[in-house]
Amino acid sequence: MRLDKFLSITATATRKETARAVRAGQVCVNGSPAGRADLAIDPERDTVTFGGKTVFYKAFRYVLLNKPDGYVSATEDGKDPTVLELLPPLYTDLGLFPCGRLDKHTLGLMLLTNNGDVAHRLLSPRRHVAKRYAFRVKFPLNESDCSRFRDGVTLEDGYETKPAEIELAADGRSGTVTLIEGKYHQIKRMMEALHNQITYLERVTFGPLALPADLERGAWRELTPEEEQAILAAASV
Ligand code: URA
């Protein structure tokens, strides 16, 4: 693999930055200055340092993002800003894409990765990875509405949803819903089937991941090693 590609996929430096750092003698391979940005290296065996710091090889990246209102869960869109636009160019060059979709006006936890296999497994209906959402609705819900959620709701197109957990707050108009599937606009359509209407929706968990309280709307970070282990375990079940 080329040195500049290695430094780009490890989110260390863009190709331009690498070229500059190589010229300044700040990039070493096995202790010697690299000399050329297109030097062929073996990422598994060679030791690369950038500005004196060792760069560890990481083919796959997992980013947790707190999706703001108005952004779409896509890599490109002709009309609206995409969640990818919230990441610096160094990260967008890694080939990250959203693992599943949230509607344009849904907020909260979004996982992005460049590991297609893991994303595919996490989204597979067979795996039943649970996602919890905090919601508010226009009209108060009652116990019979909650029972319908727990039994499964028939949507307007005739689809019978899988049972969903629902917890209602004292006001009857807010709470949490946990889904083990992810149909298009599912919660909105489940509420519509009960003649109600979602006014706020925020994903707060995705499998073993929880939206960190200190991650501001629009902010992102890579998964911690523990979170990464947990998500890989959820994908391998
Ligand atoms: N259900 C919805 O209706 N919208 C989402 O974004 C997620 C779940």
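The values are calculated or read from the model by the stated rules, or taken from the named source; none is laboratory data. Everything numeric here is computed off the predicted structure, so don't read it as measured data. Neighbour counts are summed over all protein chains in view; Cβ atoms, including those assigned to glycine, are modelled from backbone coordinates with ideal geometry. For the accessible areas, the whole protein counts, side chains as well, though only heavy atoms, and no ligand, DNA or RNA atoms are used. Shrake-Rupley method; radii C 1.70, N 1.55, O 1.52, S 1.80 Å.
Pick out, from the range 70-182, the helices (runs of 4 or more DSSP H) lying fully within it that include 3 or more residues that are under 29 Å from Q229 (Cα atoms). First the steps, then the outcome.
Details: elements: 89-92, 116-123, 143-151.
Where helices (runs of 4 or more DSSP H) fall fully within the range 70-182 and carry at least 3 residues being under 29 Å from Q229 (Cα atoms), they are 89-92, 116-123.
Condition first: within 12 Å of the ligand (Cβ to nearest atom) and hydrophobic (A, V, I, L, M, F, W, C). Now tell me which residues in the range 84-102 satisfy that.
Applying the first criterion (within 12 Å of the ligand (Cβ to nearest atom)) to the range 84-102 yields 98, 100-102.
The one that is within 12 Å of the ligand (Cβ to nearest atom) and hydrophobic (A, V, I, L, M, F, W, C): L102.
Does D157 meet the test of being in contact with a Lys or Arg (Cβ under 9 Å, 6 or more places away or on another chain), of a type in the set (D, E, K, R), over 24 Å from L109 (Cβ atoms) and open to solvent by 80 Å² or more (accessible area, probe 1.4 Å)?
When the stated conditions are applied, D157 passes them.
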Task: Residue that is open to solvent by less than 60 Å² (accessible area, probe 1.4 Å) and in contact (Cβ under 8 Å) with a residue 24 or more places away in the chain, where the choices are F6, F60 - done: F6
Open item on the list: Could you check the range 75-84 and list, in sequence order, the residues that are within 20 Å of E202 (Cα to Cα) and out of contact with any helix residue (DSSP H, G or I) (no Cβ under 8 Å at 6 or more places or on another chain)?
Closed with: D80, P81, T82, V83
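Mind listing whichever residues of the range 103-128 are of a type in the set (S, T, N, Q) and within 16 Å of the ligand (Cβ to nearest atom)?
Step one: filter the range 103-128 for residues of a type in the set (S, T, N, Q), giving 106, 113-115, 124.
Scanning the range 103-128 gives a single hit, T106.
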TODO: For the range 186-193, indicate whether the set of residues that are away from the ligand (no atom under 11 Å from the Cβ) and open to solvent by less than 70 Å² (accessible area, probe 1.4 Å) is non-empty.
DONE: yes
- [ ] Quickly run through the range 209-221 and pick out the residues that are in contact (Cβ under 8 Å) with a residue 24 or more places away in the chain and either within 16 Å of the ligand (Cβ to nearest atom) or loosely packed, with under 15 Cβ neighbours inside 10 Å (or both).
- [x] L209, A210, L211, P212, E216, R217, G218, A219, R221
